[in-house]
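The values are calculated or read from the model by the stated rules, or taken from the named source; none is laboratory data. What you are looking at is a predicted structure, and each value in this text was computed from that prediction instead of being measured. Counting neighbours? That spans all protein chains shown, and the Cβs are built from the backbone with ideal geometry, glycine included.
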Ligand code: UGA
């Protein structure tokens with residue numbers, strides 16, 4: 001078993017650290033936020049992620065998982081150091097490498113001879129070299145090992161990855177990193193660093209393309225009188241297409257797809273390639289927010305000035321508390337700009353949120369509302385008492401931006417119902 005330090009205890013770092021400790025490795029997770037480290041030492045996980053609390057507690061109790069403040073001391077004498085720090089988007093769409101470079105500069109002098117630095121953050125193509133330079137150590141190798149975890153099922157994804165990708169110019173280091181995962185059954189792709197980095201971006205960009213494609217098809221269905229759910233059913237049986245990632249909605253969001261698609265366009269531009277297809281994917285996504293807003297406006301009779309709109313769901317998707325780049329918030333922002341009063345409910349949000357009144361239960365959010373917009377696909381929304389919803393609303397109208405609810409039952413109950421890509 002190996003000694004590993006993880007730098008950065010966000011969604012990726014914390015999940016990866018707890019997972020590697022479960023596999024039997026000795027893992028220390030480092031972060032710069034003192035409160036977070038103190039909480040984690042007590043087993044308090046600061047994010048909503050299925051199964052992560054148990055995994056962290058198990059690691060702490062077994063003595064295989066520790067949390068420390070600051071990266072340098074934690075990186076000394078370790079065989080592997082994983083960089084899991086954020087790469088936020090800069091104004092020009094490119095990924096900001098400042099955190100990665102700073103972390104590499106900090107740990108460089110402390111690293112043991114022959115340590116391997118593993119880059120898990122999503123970084124622009126060529127970043128392995130940038131990290132090598134920032135470390136300033138010729139005896140340490142840098143390996144790219146991108147993560148493909150989905151928030152909400154990240155723990156499951158650690159144990160059941162579709163593939164493990166390792167990018168390195170040094171075969172021996174690649175083999176050492178691969179050995180960390182030997183208990184996991186998955187295809188292993190060992191390649192050069194630039195290809196590994198590109199695999200991560202291209203995978204996210206392709207998935208984002210599927211979402212924008214199905215949203216565009218949904219818009220077409222509305223225009224021609226087809227039903228996108230039937231269309232996806234008929235398409236998905238073609239094994240080359242499949243059913244996954246073809247759920248129409250208010251557009252993709254989160255900390256990854258919007259940032260990574262823009263970054264890949266930028267990477268192409270810098271290298272002299274115009275990735276027009278991906279620019280189209282981003283444009284369709286932004287239009288999709290506007291289309292949901294238009295549907296709410298239509299249900300409200302043309303204007304939401306002074307109108308109360310109820311919103312169910314604020315996170316970028318269900319089963320997470322993450323609201324970064326959430327389509328729900330983009331839609332709500334536009335509605336508030338147009339004069340709406342928005343009362344929202346989300347199982348993970350309590351207390352006021354900017355210009356949104358946050359309610360503690362879904363029925364309270366609907367009081368006096370002229371339209372209810374379903375913006376995140378939380379399963380619990382399906383099973384609510386819609387007669388009660390109808391009775392508290394000023395007017396029973398629903399815009400179901402996730403096609404989550406039973407439209408026929410709602411119409412029978414007296415609601416005006418509008419979904420995505422269907423009549
Ligand atoms: C995504 C990728 O799925 C992971 O493989 C990757 O590791 C991760 O980004 C990352 O780069 O770190 P995640 O951001 O957790 O994971 O979210 P997804 O489940 O992929 O969903 C992204 C967005 O697309 C959400 O807003 C979701 O609602 C939307 N979506 C997804 C749809 O609108 N329709 C679909 O059919 C699927």
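Please work out if residue 296 is more than 16 Å from the ligand (Cβ to nearest atom) and buried (at least 22 other Cβ atoms within 10 Å of the Cβ). Break it down stepwise before answering.
Numbers: more than 16 Å from the ligand (Cβ to nearest atom): yes; buried (at least 22 other Cβ atoms within 10 Å of the Cβ): yes.
Taking the combined requirement at face value, the residue satisfies it.
Among the residues of segment 330-341, is there at least one that is more than 17 Å from residue 398 (Cα to Cα), surrounded by 22 or more Cβ atoms within 10 Å (Cβ to Cβ) and either in contact with a strand residue (DSSP E or B) (Cβ under 9 Å, 6 or more places away or on another chain) or at pLDDT 95 or above (or both)? Give the derivation first.
Of segment 330-341, the ones more than 17 Å from residue 398 (Cα to Cα) are 330, 333-334, 336-339.
Keeping just the survivors that are surrounded by 22 or more Cβ atoms within 10 Å (Cβ to Cβ) gives 330.
Filter once more, keeping what is either in contact with a strand residue (DSSP E or B) (Cβ under 9 Å, 6 or more places away or on another chain) or at pLDDT 95 or above (or both): 330.
Yes, segment 330-341 contains at least one residue that is more than 17 Å from residue 398 (Cα to Cα), surrounded by 22 or more Cβ atoms within 10 Å (Cβ to Cβ) and either in contact with a strand residue (DSSP E or B) (Cβ under 9 Å, 6 or more places away or on another chain) or at pLDDT 95 or above (or both).
Residue 279 versus (1) under 30 Å from residue 126 (Cα atoms); (2) more than 24 Å from the chain's Cα centre (by Cα); (3) not in a loop (DSSP other than H, G, I, E, B): which is the lone unmet condition?
All conditions pass for residue 279, except number (2).
Could you name every one of the strands (runs of 3 or more DSSP E) located completely within segment 331-423 that has at least 2 residues being over 23 Å from residue 218 (Cβ atoms) and without any contact (Cβ under 8 Å) to a residue 60 or more places away in the chain? Steps first, answer last, please.
Values: elements: 341-345, 371-374, 397-400, 416-418.
So the answer is 341-345.
Of the conditions (1) within 10 Å of the ligand (Cβ to nearest atom); (2) surrounded by fewer than 21 Cβ atoms within 10 Å (Cβ to Cβ); (3) under 30 Å from residue 166 (Cβ atoms), residue 266 fails just one. Which one is it?
Of the numbered conditions (1) within 10 Å of the ligand (Cβ to nearest atom); (2) surrounded by fewer than 21 Cβ atoms within 10 Å (Cβ to Cβ); (3) under 30 Å from residue 166 (Cβ atoms), the odd one out for residue 266 is (1).
Of all residues in segment 222-237, which are closer than 23 Å to residue 418 by Cβ and assigned to a loop (DSSP other than H, G, I, E, B)?
225, 226, 227
In this structure, is residue 353 within 26 Å of residue 152 (Cα to Cα) and buried (at least 23 other Cβ atoms within 10 Å of the Cβ)?
Working: within 26 Å of residue 152 (Cα to Cα): yes; buried (at least 23 other Cβ atoms within 10 Å of the Cβ): no.
Against the criterion (within 26 Å of residue 152 (Cα to Cα) and buried (at least 23 other Cβ atoms within 10 Å of the Cβ)), residue 353 does not qualify.
Condition (residue is more than 15 Å from residue 349 (Cα to Cα) and surrounded by fewer than 18 Cβ atoms within 10 Å (Cβ to Cβ)) applied to segment 306-313: is it met by at least one residue?
Yes, segment 306-313 contains at least one residue that is more than 15 Å from residue 349 (Cα to Cα) and surrounded by fewer than 18 Cβ atoms within 10 Å (Cβ to Cβ).
In segment 201-212, how many are more than 16 Å from residue 242 (Cα to Cα) and more than 7 Å from the ligand (Cβ to nearest atom)? Break it down into steps so the answer makes sense when it comes.
If we filter segment 201-212 for residues that are more than 16 Å from residue 242 (Cα to Cα), which is where we start, we get 201-202, 204-205.
Then keep just the ones that are more than 7 Å from the ligand (Cβ to nearest atom); that gives 201-202, 205.
So the count comes out to 3.
Which residues, taken from segment 238-259, are part of a helix (DSSP H, G or I) and more than 6 Å from the ligand (Cβ to nearest atom)? Steps first, please.
Taking segment 238-259 as the starting set, the residues that turn out to be part of a helix (DSSP H, G or I) are 257-259.
Result: 258, 259.
With the structure loaded, tell me whether residue 24 is within 20 Å of residue 147 (Cα to Cα) and buried (at least 18 other Cβ atoms within 10 Å of the Cβ) or whether it fails that test. Even if it seems obvious, please write down each step before you answer.
On the way: within 20 Å of residue 147 (Cα to Cα): yes; buried (at least 18 other Cβ atoms within 10 Å of the Cβ): no.
Here the answer is no, as residue 24 does not meet what is asked.
Go through (1) touching a helix residue (DSSP H, G or I) at 6+ places or on another chain (Cβ under 8 Å); (2) at negative phi for residue 273 and report which single condition fails.
Of the numbered conditions (1) touching a helix residue (DSSP H, G or I) at 6+ places or on another chain (Cβ under 8 Å); (2) at negative phi, the odd one out for residue 273 is (1).
Go through (1) part of a helix (DSSP H, G or I); (2) away from the ligand (no atom under 15 Å from the Cβ); (3) in contact with a helix residue (DSSP H, G or I) (Cβ under 7 Å, 6 or more places away or on another chain) and name the single condition residue 309 misses.
Unmet condition: (1).
Can you find, within segment 312-328, the residue that is nearest to residue 373 (Cα to Cα) among those that are within 11 Å of the ligand (Cβ to nearest atom) and not in a loop (DSSP other than H, G, I, E, B)?
Out of the qualifying residues, it is 328.
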